[in-house]
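The next block holds one structure in the form of structure tokens; read it before the comments.
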Amino acid sequence: MSNAILVLKTSNIKLGNVAATYSSIDSSCPTDCALKDNGCYAQLGFVGIHTVKLNKKKSTPRGVAREEAKYIKQAIKEEKNLKPLRLHVAGDCRTNEAASILAEATKEWGHPVWTYTHAWKDVSRSSWGHKISVLASVDNIKEIKRARKKGYAPAVVV
């Protein structure tokens, strides 16, 4: 059983023709996330089916990031036709250490890498490195200024 997966060609219509990671939201997302059990995309539909399976293996934010990084590095080593990578269709990095692990793992990914984070209040933007484009998922317009001060481009959750 795994608490992270990498899909090299997603069939997710919302994402398009990209690679994507999914990880345990219980072990990687901020514990105070307003969307958890309250409309979280990762808990709904087909993504929710994966999330239930990934949540079965209990881990730490570091453990989830290390497993996700392992799959990313393996794909870089073995795959010839990599695509842009969407980190965390399900999941997040709720610690600086976890974000740094993924920053290191994606350095050699030959295409854009992007993600959203609900952990922007606690995780420094610099922990994500320069390769990963990270939008801060803010819960309301009042948080936009705070996210920007922390170095994040904000995205308002609707």
Evaluation of Asn96 against (1) within 23 Å of Ser127 (Cα to Cα); (2) at pLDDT 85 or above; (3) in contact with a His (Cβ under 9 Å, 6 or more places away or on another chain) (one fails), failing number: (3)
Residue in region 90-97 that is of a type in the set (Ser, Thr, Tyr), open to solvent by less than 60 Å² (accessible area, probe 1.4 Å) and under 24 Å from Gly151 (Cα atoms) present: yes
Hits in region 1-38 - residues which are polar (S, T, N, Q), open to solvent by 10 Å² or more (accessible area, probe 1.4 Å) and within 22 Å of Ser100 (Cα to Cα): Ser2, Thr31
Any pair with Cβ under 7 angstrom, 6 or more apart, that starts in region 141-158 at a residue that is part of a strand (DSSP E or B) and ends at one that is open to solvent by 70 Å² or more (accessible area, probe 1.4 Å): Pro154/Arg148; Ala155/Tyr116; Val156/Ile141
Residue in region 90-97 that is out of contact with any helix residue (DSSP H, G or I) (no Cβ under 6 Å at 6 or more places or on another chain) and touching a residue at least 24 places away in the same chain (Cβ under 8 Å) present: no
Tyr41 being under 17 Å from Thr117 (Cβ atoms), of a type outside the set (A, V, I, L, M), surrounded by fewer than 18 Cβ atoms within 10 Å (Cβ to Cβ) and under 13 Å from the mean Cα position of the chain (by Cα): yes
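Would you point out which residue out of Leu87, Leu135 is surrounded by fewer than 19 Cβ atoms within 10 Å (Cβ to Cβ) and part of a strand (DSSP E or B)?
Leu135
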Of all residues in region 104-126 being open to solvent by less than 30 Å² (accessible area, probe 1.4 Å) and in contact with a strand residue (DSSP E or B) (Cβ under 6 Å, 6 or more places away or on another chain), the one that is nearest to Ile25 (Cα to Cα): Thr117
Residue within region 76-84 that is open to solvent by less than 10 Å² (accessible area, probe 1.4 Å) and either over 17 Å from Ser2 (Cβ atoms) or aliphatic (A, V, I, L, M) (or both) present: no
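The values are calculated or read from the model by the stated rules, or taken from the named source; none is laboratory data. What you see is a predicted model, and the numbers here were worked out from it, not measured in a lab. Glycine gets a Cβ as well: all are built from the backbone with ideal geometry, and neighbour counts include every protein chain shown. What goes into the accessible areas is simple: the full protein's heavy atoms, side chains included, and nothing from ligands, DNA or RNA. Shrake-Rupley method; radii C 1.70, N 1.55, O 1.52, S 1.80 Å.
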